[in-house]
């Protein structure tokens, strides 16, 4: 398996995860009694991929992943909005259910795009910054330092843009009460994926 094919494979997985997070993330599940979006299982893998790619190919190639991801999300949202408003055929009897599942608000769409771009851009910058500081050593440290902060940016920006002042209940304090447990789970997943960063880098370099 050639390196360029592996890189293209990772790019496909990365864009697929972004689509999955936005299409499937509306479902809320419970982890240890805390309500979280099912997207929490996919987000760490997206950050894992960019860390692997940056370790092997550098910042410029990884940034191209982010631009490809941005384009994918925007195109997917445009198509989703179009398909939701299109009149259904008479024999299609699930239009209301379709609109409930895929009819995400414009505000949440914007929140997702902005949060993704800021978090991934920071992740790339931070990973490169710590790589220079550590002279290419301590991959486990660089991976976790960059991802932990990036996940906080992602969670905070998304929650505030999507929900702040949506109703009187959604105050700043209430938003942070939602962010903190959700973010802590992301940190846990980031720590657990550390061995997979080493495996991924070894596989991509081979």
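Summed over the stretch 160-180, the residues that are modelled with pLDDT of 85 or more and crowded, with 16+ Cβ neighbours inside 10 Å give a count of 4.
Here's a check for you: in the stretch 160-189, which residue that is under 12 Å from residue 43 (Cβ atoms) and touching a residue at least 60 places away in the same chain (Cβ under 8 Å) is nearest to the chain's Cα centre (by Cα)? Applying the filter and picking the extreme gives 186. Reported count of residues in the stretch 1-47, each being touching a residue at least 12 places away in the same chain (Cβ under 8 Å) and outside any helix (DSSP H, G or I), is 7. Taking (1) at pLDDT 85 or above; (2) under 23 Å from residue 63 (Cβ atoms); (3) in a helix (DSSP H, G or I) in turn, residue 135 satisfies each apart from (3).
Only one of the numbered conditions (1) more than 18 Å from the chain's Cα centre (by Cα); (2) at pLDDT 90 or above is violated by residue 84, and that is (2). Taking the criterion of being touching a helix residue (DSSP H, G or I) at 6+ places or on another chain (Cβ under 8 Å) and surrounded by fewer than 18 Cβ atoms within 10 Å (Cβ to Cβ), the residues of the stretch 21-32 that qualify are 23, 24, 26, 27, 28, 29, 31.
When every residue of the stretch 147-159 is checked against the conditions, at least one turns out to be surrounded by 17 or more Cβ atoms within 10 Å (Cβ to Cβ), touching a residue at least 24 places away in the same chain (Cβ under 8 Å) and under 20 Å from residue 57 (Cβ atoms). Against the test of being closer than 22 Å to residue 150 by Cα, at pLDDT below 90, surrounded by fewer than 15 Cβ atoms within 10 Å (Cβ to Cβ) and within 19 Å of the chain's Cα centre (by Cα), the options 64, 112, 105, 35 yield a single qualifying residue, 35. Would you check if there is a residue in the stretch 92-101 being without any contact (Cβ under 8 Å) to a residue 60 or more places away in the chain, surrounded by 17 or more Cβ atoms within 10 Å (Cβ to Cβ) and assigned to a helix (DSSP H, G or I)? Scanning the stretch 92-101, I find no residue that is without any contact (Cβ under 8 Å) to a residue 60 or more places away in the chain, surrounded by 17 or more Cβ atoms within 10 Å (Cβ to Cβ) and assigned to a helix (DSSP H, G or I), so the answer is no. In the stretch 165-206, how many are touching a strand residue (DSSP E or B) at 6+ places or on another chain (Cβ under 7 Å) and over 30 Å from residue 8 (Cα atoms)? Result for the stretch 165-206: 2. Going by the conditions given, is residue 73 within 20 Å of residue 156 (Cα to Cα), in contact (Cβ under 8 Å) with a residue 40 or more places away in the chain, in contact with a strand residue (DSSP E or B) (Cβ under 8 Å, 6 or more places away or on another chain) and assigned to a helix (DSSP H, G or I)? No; evaluated as a whole, the condition is false for this residue.
The values are calculated or read from the model by the stated rules, or taken from the named source; none is laboratory data. Source: prediction; values computed, not measured. Neighbour counts are summed over all protein chains in view; Cβ atoms, including those assigned to glycine, are modelled from backbone coordinates with ideal geometry.
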